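**Q** Sharing a structure, written as structure tokens. Questions coming.
The values are calculated or read from the model by the stated rules, or taken from the named source; none is laboratory data. In this text, all values refer to a predicted model and were calculated from it rather than measured experimentally. No Cβ is skipped: glycine too gets one built from the backbone with ideal geometry, and neighbour counts run over all protein chains shown. In case anyone asks, the SASA skips ligands and DNA or RNA and just uses the protein heavy atoms, side chains included. Shrake-Rupley method; radii C 1.70, N 1.55, O 1.52, S 1.80 Å.
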Amino acid sequence: MLTPLKRKSILVVGSVALDTVETPRGKATRVLGGSATYFALAASLFAPVRMVSVVGEDFPRRYLNKFRQRRIDTAGMKVLPGRTFSWHGRYRENMNEAETISVCQNVLRHFPGVPAHYSDSRLVFLANTDPITQRKTLKSVQAPSLVACDTMNLWIRTQPAALKKLLREVDILLVNDAEARMLTGRNNLPSAVWALLEHGPKTVIVKKGEHGVFLCTGGELFAVPAYPLHQVVDPTGAGDSFAGGFLGYLACCRKITPRQVRRAVVYGAVVASFTVEDFSTRRLEKISLPEVEKRFQEMKRMVRF
Ligand code: AMP
């Protein structure tokens, strides 16, 4: 059973969004989304979370309350005049790939600085946003013990130099399989992962949707399947929820050993499995640690041989 002893605070920087999502199971319009949102709700199951992001005046107060109910520190979240960042995406039968129909940066162009009292954060997650904002945030943290980052095809295409600089400053890179191939120009996944390790991160985690997760650290490879579900309703946020479960678990560990990193990968996969069972954060915001633990034990039985 997971017993959080001395939990470290995790700082997350990323988007908070109003998403419109269409999947073969239905449609949700202007619902809570964003990379920092999913991460924070997932990680806060395990450890205290501090959030740096920005929303517009149209952002419903009830969504802010969802963060507060989970005791997420929102001092770093600014409400600015204008509209909240919005993303409209669609998934076809193959739920592994989102098609972006529209994206409006809106107030996300005016990213706030990091509150002074966040500068002692020990763990940092640079969730998907532009790499310049990610680097700027990282510079505001005095002595992080672990820095992880995510990115997406948009930044790989439009800001490759800033992204490469960022990779030299992070310990862990989390990407999906298509991004790993795009970043390296290599089609073979293990070969893409080894190439990514040469860019700086000591650990690379590749998320493969329903096919699970692939990890490479210290010359060791590790792979786990996704938690098997009867039905995926909305895959949005699976990657960020994975990151939240992964770093949340590590925040509870006294020492980060290769064994703990493997366990963290399984916690990440389990938390993500809840997120995709409903639209937006509906399922994620209701889960409890004992439910997570139950699926963790099932995963353990499933992969033991
Ligand atoms: P994921 O499914 O884990 O890759 O992340 C989905 C979330 O990413 C959605 O809730 C979107 O609001 C958010 N998102 C999509 N495009 C961007 C972008 N360009 N910058 C920041 N966040 C984004």
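**Q** For residues that are part of a strand (DSSP E or B) and either within 16 Å of the ligand (Cβ to nearest atom) or touching a strand residue (DSSP E or B) at 6+ places or on another chain (Cβ under 8 Å) (or both), tally how many sit in the stretch 189-246.
**A** The qualifying residues number 14.
**Q** Also, quick follow-up: Here is a check on your reading of the model: is Gly26 in contact (Cβ under 8 Å) with a residue 40 or more places away in the chain, within 11 Å of the ligand (Cβ to nearest atom) and closer than 19 Å to Pro235 by Cβ?
**A** Taking the combined requirement at face value, the residue does not satisfy it.
**Q** Here's something else I'd like to know. Suppose we filter Leu45, Leu64, Leu41 for residues that are closer than 29 Å to Pro290 by Cβ and at pLDDT below 95; which single one remains?
**A** Exactly one residue qualifies, and that residue is Leu64.
**Q** Filter the stretch 126-144 down to the residues that are within 12 Å of the ligand (Cβ to nearest atom) and of a type outside the set (D, E, K, R) and list them by number.
**A** Answer for the stretch 126-144, where residues must be within 12 Å of the ligand (Cβ to nearest atom) and of a type outside the set (D, E, K, R): Leu126, Ala127, Asn128, Thr129, Pro131, Thr133, Gln134.
**Q** Still on this structure, I have one more. Would you confirm, using the coordinates I've provided, whether Val147 is closer than 27 Å to Lys208 by Cβ, away from the ligand (no atom under 15 Å from the Cβ) and not acidic (Asp, Glu)?
**A** Spelling it out, Val147 is indeed closer than 27 Å to Lys208 by Cβ, away from the ligand (no atom under 15 Å from the Cβ) and not acidic (Asp, Glu).
**Q** Now, a different point. When residues of the stretch 233-281 are filtered for being without any contact (Cβ under 8 Å) to a residue 12 or more places away in the chain and either of a type in the set (Lys, Arg) or open to solvent by less than 10 Å² (accessible area, probe 1.4 Å) (or both), how many remain?
**A** Residues flagged as without any contact (Cβ under 8 Å) to a residue 12 or more places away in the chain and either of a type in the set (Lys, Arg) or open to solvent by less than 10 Å² (accessible area, probe 1.4 Å) (or both) within the stretch 233-281 amount to 3.
**Q** Output the residue which, of all residues in the stretch 68-99 that are within 11 Å of the ligand (Cβ to nearest atom) and modelled with pLDDT under 95, is most open to solvent (accessible area, probe 1.4 Å).
**A** Out of the qualifying residues, it is Glu97.
**Q** As an exercise: evaluate Ser102 against (1) more than 26 Å from Val193 (Cα to Cα); (2) in contact with a helix residue (DSSP H, G or I) (Cβ under 7 Å, 6 or more places away or on another chain); (3) at pLDDT 95 or above and give the number of the one condition it does not meet.
**A** Evaluating Ser102 over (1) more than 26 Å from Val193 (Cα to Cα); (2) in contact with a helix residue (DSSP H, G or I) (Cβ under 7 Å, 6 or more places away or on another chain); (3) at pLDDT 95 or above leaves (2) as the failure.
**Q** Within the stretch 1-38, track down each residue that is modelled with pLDDT of 95 or more, surrounded by fewer than 24 Cβ atoms within 10 Å (Cβ to Cβ) and assigned to a loop (DSSP other than H, G, I, E, B).
**A** Hits for the stretch 1-38 are Pro24, Arg25.
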